[in-house]
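So the structure is just underneath, and the comments pick up after that.
The values are calculated or read from the model by the stated rules, or taken from the named source; none is laboratory data. Remember, predicted model here, so these are calculated numbers, not experimental data. FYI the Cβ positions are ideal-geometry reconstructions off the backbone, even for glycines, and counts take in every protein chain you see.
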Amino acid sequence: DVKVTQSSRYLVKRTGEKVFLECVQDMDHENMFWYRQDPGLGLRLIYFSYDVKMKEKGDIPEGYSVSREKKERFSLILESASTNQTSMYLCASSIQDGMYGYTFGSGTRLTVV
Amino acid sequence: AQTVTQSQPEMSVQEAETVTLSCTYDTSESNYYLFWYKQPPSRQMILVIRQEAYKQQNATENRFSVNFQKAAKSFSLKISDSQLGDTAMYFCAFMNYNQGGKLIFGQGTELSVKP
């Protein structure tokens, strides 16, 4: 069964901490994405990557960075966590043109206190 | 910029009945894909159904079907014979052919199926 795996289901961090959210896919997909999900706002794109070492900003990149050193792994980094980054974070992957949609991970619910 | 709007934040339906979730989108493009995703409580987001804009025929997947009205930029999801397991958040999403696979999501509709 193909999978996108997010390393943590729940995470609690303190304001100012550097936070790493990890995502691994086993489908040899070219594209990987990080979204955050907030009630009433749907899913908003933070960053995405079309290939190893490539990254592009999404709609809400401020306060975040990403790393893709290997094709299967895409990490989201919160440089200095703030309370307004408390949210559900979803990782997804797709083939190059995305025509069949995404495969999603189970999500990481991050709380910043 | 493309936008996707789901105007029904919450809906409920009795088991075995039919329910329709609405979605409208805004784009100047003519070639794109549309999707409905389901997110059950505390579970993973999964694809329910997809539609290619150049196809006039509405997509169907078992009890799920869409009403795709390209001119009206409308893409509603019909769930027939609703089951308790259909209780979930449903997201409508849009993807341009030439935007490298980026999905734009609506705000979501929370559907409750009542016994």
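Going by the conditions given, is residue B:8 exposed (fewer than 15 other Cβ atoms within 10 Å of the Cβ) and more than 11 Å from chain A (Cβ to nearest Cβ)? Lay out the reasoning, then the answer.
On the way: exposed (fewer than 15 other Cβ atoms within 10 Å of the Cβ): no; more than 11 Å from chain A (Cβ to nearest Cβ): yes.
No.
Scan the range B:64-91 for residues that are away from chain A (no Cβ under 13 Å) and either over 24 Å from residue B:115 (Cβ atoms) or among the acidic types (Asp, Glu) (or both) and the total you get is 13. The set of residues in the range B:58-73 that are touching a Phe, Trp or Tyr at 6+ places or on another chain (Cβ under 8 Å), within 19 Å of residue B:111 (Cα to Cα) and not hydrophobic (A, V, I, L, M, F, W, C) contains only B:67.
Among residues of the range B:30-63 being aromatic (Phe, Trp, Tyr) and within 10 Å of the chain's Cα centre (by Cα), the one that is nearest to the other protein chains (Cβ to nearest Cβ) is B:35.
Take the residues of the range B:35-55 that are of a type in the set (D, E, K, R) and surrounded by fewer than 14 Cβ atoms within 10 Å (Cβ to Cβ): which is modelled with the highest pLDDT? If we take residues in the range B:35-55 being of a type in the set (D, E, K, R) and surrounded by fewer than 14 Cβ atoms within 10 Å (Cβ to Cβ), then B:55 is modelled with the highest pLDDT. Restricting attention to the range A:21-37, the residues that are surrounded by 14 or more Cβ atoms within 10 Å (Cβ to Cβ) and either on the phi > 0 side of the Ramachandran plot or part of a strand (DSSP E or B) (or both) total 11. Quick check: is even one residue across the range A:35-55 at pLDDT 95 or above and touching a helix residue (DSSP H, G or I) at 6+ places or on another chain (Cβ under 9 Å)? Among the residues of the range A:35-55, at least one is at pLDDT 95 or above and touching a helix residue (DSSP H, G or I) at 6+ places or on another chain (Cβ under 9 Å), which makes the answer yes. Every condition in (1) closer than 18 Å to residue B:35 by Cα; (2) at pLDDT below 95 holds for residue A:90 except the one numbered (2). Inside the range A:78-87, residues that are within 13 Å of the chain's Cα centre (by Cα) and surrounded by fewer than 17 Cβ atoms within 10 Å (Cβ to Cβ) make up a count of 0.
Within the range A:38-60, the set of residues being small (Gly, Ala, Ser) and either surrounded by 14 or more Cβ atoms within 10 Å (Cβ to Cβ) or away from chain B (no Cβ under 11 Å) (or both) comprises A:42, A:49, A:58.
Residues of the range A:65-111 being closer than 19 Å to residue A:7 by Cα, away from chain B (no Cβ under 11 Å) and in contact with a Gly (Cβ under 9 Å, 6 or more places away or on another chain), which ones? Passing the criteria: A:78, A:79, A:81, A:85, A:89.
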